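A.B. asks: Next up is a structure, given as structure tokens.
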Amino acid sequence: MTKKIQFTLEYNQDINEYLDQHHPEICDFRILNQALDARGANRGKIPRYTYYVELLSPGEQFEALREVCPQVGEFDHKPIIIGAGPAGLFCALRLADYGVSSVVIERGDRAHSRMIHIAKFWRYGQFDDNNNVCYGEGGAGLFSDGKLITRIKSPFVQYVMNRFVDFGAPKETAYISNPHLGSNKIRALINQMTEYLRAKGCVVRYNTRVDRLIVDSGKVVGVELNNGEKLFSKYVVLATGHSAQEMYRHLHHIGVEMKQKDFAVGVRIEHPRELIDSIQYGKFAGLDLGAARYRLSYEDAKTKKGTYSFCMCPGGYVLSSGTEANAIVVNGMSNYARNSRWSNAALVVSVKAGEDFAQENLLAGLDFQHQIESKAFEVSKSLASGKELPSQTLKEFMENRLNPQLDKIKTSTPSGIVKASIRDILPSFVTKHLENALLKFDESLKGFVSDNALLIAPETRTSAPVTIVRDKESLESTSHSGLYPCGEGAGHAGGITSAAVDGVRVAMTLLRNEKGI
């Protein structure tokens, strides 16, 4: 039986040399987990890596890490999966592992074609309803740093990591803590994944929008497409992502059970990467530790509202990510190398259902987001062309002033920025909580509040504003049988990995129902 050990090394120590010295009897090893601990680096504490390693002695063999799935044969009717983001694609992939092909319907185009539309939007303001940062092959995850960080506990997390490696992710993706693929690498991975699905008999339809679900006596039996075509299946998986506003309204219209959900809104905060590296790593900044990350949170004792950082993108970019021509939303991403001159993160404040928006209107959270996004566009349009992102320095925000000189401010966003007051865009309770929390954050990260920091607004799509209710065991809609709400858009995941895992869970439910797996 192989031996598994855990040990810690300084960041510049070589693992091979360590094992040669302390375990000369082994003939091979494999890393099961690797995690960087840079806490205290800004106070001179040496960063360290903690390793969990499996050792192989002569005559032993590593056990296979991958399962072999039985081939159960096709369903009578291919499952229909709406959405080709992480949830939808991994649902299709898991079904394909068992020899079951599906129909995947995506309103946008292939990733490479989608990029052409997005580049035109960023540069010229030419918006495409179906090909943008949220819609198209890969979903919103294609432009979110490719972060695979998750706090969920599921046996399918490792499956997701392994499958990413199968399709071209760096091998360390399978074992390092806080892995990320980068938006540049994940595009190629998604392309490989969909080509694999097609080779397995799946039908992947691009530039095709599902306009409505076909319901018969309370059971979803198929979908109607934007060209009027109807497709039928016993299983319809709804994996449309957190920005499919038309679908939310359609579900509400036909009586699918949903409930309001808390979310958060705020800004993107952008610093020079060197500043964040220096704050976090101290004298170790610039060494082989990668771009520094941070995670911040603060709860107001009076209001019980939290303000926290979200989707931190070291060495990344701030992107215009709206899904409407006359509305602005921002998000962040990094490429694999994380070598941009800037680092950014969402800095958001909790928005509570029934407190910050009306409880009587199920989709009031959607309207709350829309109002902020529309206001941001109006501000940008009044001051520039409407594509530029409203921005001000962090010091200006804290002092509630505007310096008209914007040409000296550098930023990562390809859409450009326009000087504007963040307080004119976000609700006053949000800006007040941001202001209070930033004072606390500067205490823990000295220099965080800086004239070199930029606030870019608004960050509104942190998560879905509703939950599509489903049975905890069957994962089927509680109001409409045959419908399987899935992933972040259904309110059951948050991020690439958890959405992918949810897609796998739904696939396993369908396999259990149909084939007894």
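A.B. asks: Can you tell me how many residues within the range 305-362 are among the charged types (D, E, K, R) and within 21 Å of Ile496 (Cβ to Cβ)?
C.D. replies: 1
A.B. asks: State which residue is surrounded by the fewest Cβ atoms within 10 Å (Cβ to Cβ) when the search covers only the range 27-85 and only residues that are among the polar types (S, T, N, Q) and modelled with pLDDT under 95.
C.D. replies: Gln61
A.B. asks: Looking only at the range 291-305, count every residue that is closer than 19 Å to Ser428 by Cβ and touching a residue at least 24 places away in the same chain (Cβ under 8 Å) and tell me the total.
C.D. replies: 4
Every residue, every condition in (1) of a type in the set (A, V, I, L, M); (2) closer than 30 Å to Asp76 by Cα, yes or no:
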residue: His112; (1), (2): no, no
residue: Gly125; (1), (2): no, no
residue: Asn132; (1), (2): no, no
residue: Gly136; (1), (2): no, yes
residue: Ala140; (1), (2): yes, no
residue: Leu148; (1), (2): yes, no
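A.B. asks: Among (1) assigned to a loop (DSSP other than H, G, I, E, B); (2) among the aromatic types (Phe, Trp, Tyr); (3) more than 28 Å from Tyr281 (Cβ to Cβ), where does Tyr484 come up short?
C.D. replies: Condition not satisfied by Tyr484: (1).
A.B. asks: Quick check on this structure: which one of Val165, Val157 is outside the structural domain of Ser320 (by TED's automatic domain parsing), in contact with a Ser or Thr (Cβ under 9 Å, 6 or more places away or on another chain), without any contact (Cβ under 8 Å) to a residue 40 or more places away in the chain and surrounded by fewer than 18 Cβ atoms within 10 Å (Cβ to Cβ)?
C.D. replies: Step by step, each of Val165, Val157 is checked, and only Val165 is outside the structural domain of Ser320 (by TED's automatic domain parsing), in contact with a Ser or Thr (Cβ under 9 Å, 6 or more places away or on another chain), without any contact (Cβ under 8 Å) to a residue 40 or more places away in the chain and surrounded by fewer than 18 Cβ atoms within 10 Å (Cβ to Cβ).
A.B. asks: So the check is Cβ under 6 Å with 6+ separation or different chains; which pairs have a first residue in the range 241-253 that's assigned to a helix (DSSP H, G or I) and a second one that's buried (at least 23 other Cβ atoms within 10 Å of the Cβ)?
C.D. replies: Met247/Thr240
A.B. asks: So Gly306 ticks every box in (1) outside the structural domain of Tyr124 (by TED's automatic domain parsing); (2) modelled with pLDDT under 95 but one. Which box is left unticked?
C.D. replies: (2)
A.B. asks: Now for a separate question. Mind checking which residues of the range 240-278 are of a type in the set (A, V, I, L, M, F, W, C) and closer than 20 Å to Ser340 by Cα?
C.D. replies: Listed by number, the residues that qualify are Val267, Ile269, Leu275, Ile276.
A.B. asks: Out of Gly282, Gly201, Gly218, Gly255, which single residue is closer than 30 Å to Ala41 by Cα and out of contact with any Pro (no Cβ under 7 Å at 6 or more places or on another chain)?
C.D. replies: The unique qualifying residue is Gly282.
A.B. asks: Here's a follow-up. Go through the range 446-478 residue by residue and tally those that are of a type outside the set (Val, Ile, Thr), in a loop (DSSP other than H, G, I, E, B) and touching a residue at least 60 places away in the same chain (Cβ under 8 Å).
C.D. replies: So the answer is 10.
A.B. asks: Separate question: Answer yes or no: is there a residue in the range 125-132 that is touching a residue at least 24 places away in the same chain (Cβ under 8 Å) and in contact with a strand residue (DSSP E or B) (Cβ under 7 Å, 6 or more places away or on another chain).
C.D. replies: Looking for residues that are touching a residue at least 24 places away in the same chain (Cβ under 8 Å) and in contact with a strand residue (DSSP E or B) (Cβ under 7 Å, 6 or more places away or on another chain), one finds none in the range 125-132, hence no.
A.B. asks: Which of the residues belonging to the range 170-211 are in a helix (DSSP H, G or I), surrounded by fewer than 15 Cβ atoms within 10 Å (Cβ to Cβ) and either of a type in the set (D, E, K, R) or at pLDDT below 90 (or both)?
C.D. replies: Across the range 170-211, the qualifying residues are Lys171, Glu172, Asn184, Glu195, Arg198.
The values are calculated or read from the model by the stated rules, or taken from the named source; none is laboratory data. Just so you know, these numbers come straight off a predicted model, no measurement behind them. Every residue, glycine as well, gets a Cβ built from its backbone with ideal geometry; the counts of neighbours run over all protein chains shown.
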